[in-house]
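Q: Here it is, the structure in full.
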Amino acid sequence: MFETKDFAVVILNWNGKALLEKFLPSVLKYSQDATIYVADNASTDNSVAFVSEEFPTVKIIKNSQNGGYAKGYNDALKSVKEPLLCLLNSDIEVTENWLQPILKEFKTNKNTAIIQPKILDYKNKTHFEYAGAAGGFLDKFGYPYCRGRIFDSIEEDKGQYNNTSTIFWSSGACLFIRNVVFKELGGFDESYFAHMEEIDLCWRAFNKNYKSKYVGASTVYHVGGATLSNTNSKKTYLNFRNSLFTLVKNTDSNVFIKTIIRMKLDAVAALRFLLQFKLQHFFAILKAHFSFYKNLRRILKQRKQLPKRPNYYECNSIVWSYFIKKRRTF
């Protein structure tokens, strides 16, 4: 039976000395018995030396290059043996007893493979945070949304999501996963570099009949945008491109029709950016689509190799629900 010592909390770092200095103390304080790792993506600052000197109990894993979130974790986790993994962003403050409810869920339900805690905004602690909130879902066309956050509408935490429930995807900002399942799935798709790779991982887990859960009794606070902010056009590019990758790889049926409709909806989003004079984001979506075409043969090959099962949708089109029907909450 699992115990707290079976957790490996793995923090991916790239030139993040300031973040580690600020947030690592809370991880050490409230993660008794767990093993804490900092997996460094070939940083050029002195963050590794800083951690070694100031936090000697933290184990350091040195990656040979900055392969982003996906390859960074794939490389680092090869040497991590603990049966329960927590992939934790360096800009997260954890809270007292944050691991105990997660441990209980893993112990109680053997088919629970992935778990996300409640993610609140470090800068506005009464509200949910954009990246994950109270657990993620996808609509029929692969657009992600969350309980507590739909597009840019973010809910106040009033206890409405304090339960434990099945979700479709867990945020990569704080993602718990059984080590054996991570290995079975082959880890993250390294072509993603960053963004959406956790959704792809969760979808592949779903297609193998594993469950992702949200545990509202565990709370963390996330700064968000510490690597790429929502206003960064590179993030727009990665999100749109990787979301198309994920849809084509994993959806169960009607992939051609879904992809065509999805690309038309992306075109509407691009036009919206153009009308707002956000030209960098407009061109980022165009670039994302060209990259998708370039990689389509590889993605279709992956699709043939991956198992499928009928997808579960809370919403047929979150775009229609949000922008046309004006629905702002889950």
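The values are calculated or read from the model by the stated rules, or taken from the named source; none is laboratory data. These numbers were taken from a predicted model, which means no experiment stands behind them. Cβ sites come from the backbone with ideal geometry, for glycine too, and all protein chains shown count toward neighbours.
Q: Looking at region 43-50, can you tell me whether even one residue there is closer than 28 Å to residue 185 by Cβ and in the same structural domain as residue 107 (by TED's automatic domain parsing)?
A: yes
Q: Name the residue that is nearest to residue 166 (Cα to Cα), counting only residues in region 295-329 that are hydroxyl-bearing (Ser, Thr, Tyr) and surrounded by 14 or more Cβ atoms within 10 Å (Cβ to Cβ).
A: Ranking the candidates gives 313 first.
Q: Which residue, of 324, 261, 285, 318, is in contact with a Ser or Thr (Cβ under 7 Å, 6 or more places away or on another chain) and of a type in the set (Val, Ile, Thr)?
A: The unique qualifying residue is 285.
Q: Got at least one residue in region 243-260 being assigned by TED's automatic domain parsing to the domain that holds residue 161 and either more than 30 Å from residue 118 (Cα to Cα) or surrounded by fewer than 14 Cβ atoms within 10 Å (Cβ to Cβ) (or both)?
A: no
Q: Which residue, of 246, 231, 219, is without any contact (Cβ under 8 Å) to a residue 60 or more places away in the chain and either in contact with a Lys or Arg (Cβ under 9 Å, 6 or more places away or on another chain) or among the β-branched types (Val, Ile, Thr) (or both)?
A: 231
Q: Given (1) modelled with pLDDT under 95; (2) surrounded by 21 or more Cβ atoms within 10 Å (Cβ to Cβ), identify the lone condition not met by residue 152.
A: Condition not satisfied by residue 152: (2).
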